[in-house]
Each structure stands twice: as C-alpha cells, then as structure tokens.
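Student: Take this structure first; my questions come after.
The values are calculated or read from the model by the stated rules, or taken from the named source; none is laboratory data. These numbers come from a predicted model, not from an experiment. As a convention, Cβ positions derive from the backbone with ideal geometry for all residues, glycine included, and neighbour counts pool all protein chains shown.
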Amino acid sequence: MAMQARDIEAMIKEALPDASVEIRDLAGDGDHYSAIVVSEAFRGLTRVRQHQLVYDALKGKMGGELHALALQTSAP
Amino acid sequence: MADIKSFIDNEVKTNDIVLFMKGTPDFPMCGFSGQVVQILGYLGVPFKGINVLDNPELRDGIKAYSNWPTLPQLYVKGEFVGGCDIVREMFQKQELQSHLKDAGIAVNEAAAE
C-alpha cells in the first residue's frame, strides 16, 4: 500500500510544526520518496536522533506502508 | 525476543563493525544494503555482515533494538551509526572516515583523503 506525498508532509508537520518539508516521488510509484526536512527541533541532535524524530512523526508507517523514504535533515 | 536482544548485543559488542543487512556482503539483496557494503569496501575496513533475511525474528529484533524502522543498519564499536542515508551522507562529508578513525579502526588512506 502506498502513501501520498501530501500525507507524509502533513504527518511530519503535525509533529514538527516549524518544519519545512520538501518531498519528491522518486520513482513515480507513490512508494519511493525522498524528503528534505529542516526544523529547529533538529538543532544539536545527531543525525540518528534527527531521523528518529521524523520516523516518530510517521507513527510506524515507515518500513511498513511507506517502503522507502530517503531522508535528509538539518536545522535552519 | 530476549534471546534476540542478547544475540544482537553480543554481535555489536564483540565485532568492531557490524552491518545488519538484507543479503550478504557478497550478494546484497537490496540496493540500500549494497550501497553500504560498497562504501565499507571502498574504505577497506573489515566488517561482519549479518543477513536479517535468514531470520524474521532478527529482522524485527534489530529494528526494535535500534529504534530504527529500516535496513541496513551500521554499528561501529557497539554504537548505532545509521542507515543507508546517514552512512552515505557521512561518507560524502568525510565524517564516516573520521568516525572510524576515532574509533581506532584503520581506514584505507587513499579513500580517506
């Protein structure tokens, strides 16, 4: 089952309201996305912790419903 | 599940570099796992590849152990470094090379320059 880009963006913004989120559908199949997420919440965190915040925002969909999301995170 | 946790614990603490992956270093079964194998190969560092496809319990267990939903997962000296995106980004920024050196692991110098 695939997810829409706007749903992914909405879930990330719900958890990280200040985030700027840029999502691309890499393969055009609604299943392989890349996301660039910039949020103040990432400041001072390791990349692992930054990505974990995004995965938490997706509430378990990552690795299940959402097969591939190449993540790039940073603080503004 | 307790057994899987102690199995993982033991693997990451007794091997300098462990890659939990889909397939084996010689035959990766997933492009993301293959990319990390290539990076480690390029750096010339020995690592232990553990194929999670051999064991569904391990495949779920490593995700719980690391609180990380995807594979591959790279461990250096018992510490979770990241998945494919993070490892690739660190490699491109030379951070993986310095991370390994800081951990006391010799890196192929030509690759580290």
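Student: Scan region B:48-75 for residues that are under 28 Å from residue A:53 (Cβ atoms), more than 10 Å from chain A (Cβ to nearest Cβ) and in a loop (DSSP other than H, G, I, E, B) and jot them down.
Tutor: B:72
Student: Before we move on, is residue B:40 touching a residue at least 40 places away in the same chain (Cβ under 8 Å) and buried (at least 17 other Cβ atoms within 10 Å of the Cβ)?
Tutor: Answer is no for this residue.
Student: Search region A:6-15 for residues being of a type outside the set (Lys, Arg) and within 10 Å of the chain's Cα centre (by Cα), and hand back the single one that is surrounded by the fewest Cβ atoms within 10 Å (Cβ to Cβ).
Tutor: For region A:6-15, the residue satisfying everything is A:10.
Student: Could you grab me the full set of residues in region A:17-58 that are over 20 Å from residue B:86 (Cα atoms) and at pLDDT 95 or above?
Tutor: Selection gives A:17, A:18.
Student: Within region A:25-48, how many residues turn out to be over 11 Å from the mean Cα position of the chain (by Cα), more than 10 Å from chain B (Cβ to nearest Cβ) and surrounded by fewer than 17 Cβ atoms within 10 Å (Cβ to Cβ)?
Tutor: Within region A:25-48, residues that are over 11 Å from the mean Cα position of the chain (by Cα), more than 10 Å from chain B (Cβ to nearest Cβ) and surrounded by fewer than 17 Cβ atoms within 10 Å (Cβ to Cβ) number 12.
Student: Could you list, in sequence order, all residues of region A:59-76 that are assigned to a loop (DSSP other than H, G, I, E, B), at pLDDT 90 or above and within 21 Å of residue B:87 (Cβ to Cβ)?
Tutor: If the condition is that a residue be assigned to a loop (DSSP other than H, G, I, E, B), at pLDDT 90 or above and within 21 Å of residue B:87 (Cβ to Cβ), then A:75 is the only one that fits.
Student: For region B:76-87, give me each residue that is within 9 Å of chain A (Cβ to nearest Cβ) and part of a helix (DSSP H, G or I).
Tutor: The answer is B:84, B:85, B:86.
Student: Here's another thing I want to ask about it. Suppose we filter region B:24-40 for residues that are in a loop (DSSP other than H, G, I, E, B) and either within 14 Å of residue A:68 (Cβ to Cβ) or not acidic (Asp, Glu) (or both); how many remain?
Tutor: 5
Student: Now for a separate question. In region B:81-111, which residues are closer than 21 Å to residue A:45 by Cβ and touching a residue at least 40 places away in the same chain (Cβ under 8 Å)?
Tutor: Across region B:81-111, the qualifying residues are B:83, B:84, B:87, B:88, B:91, B:96, B:103.
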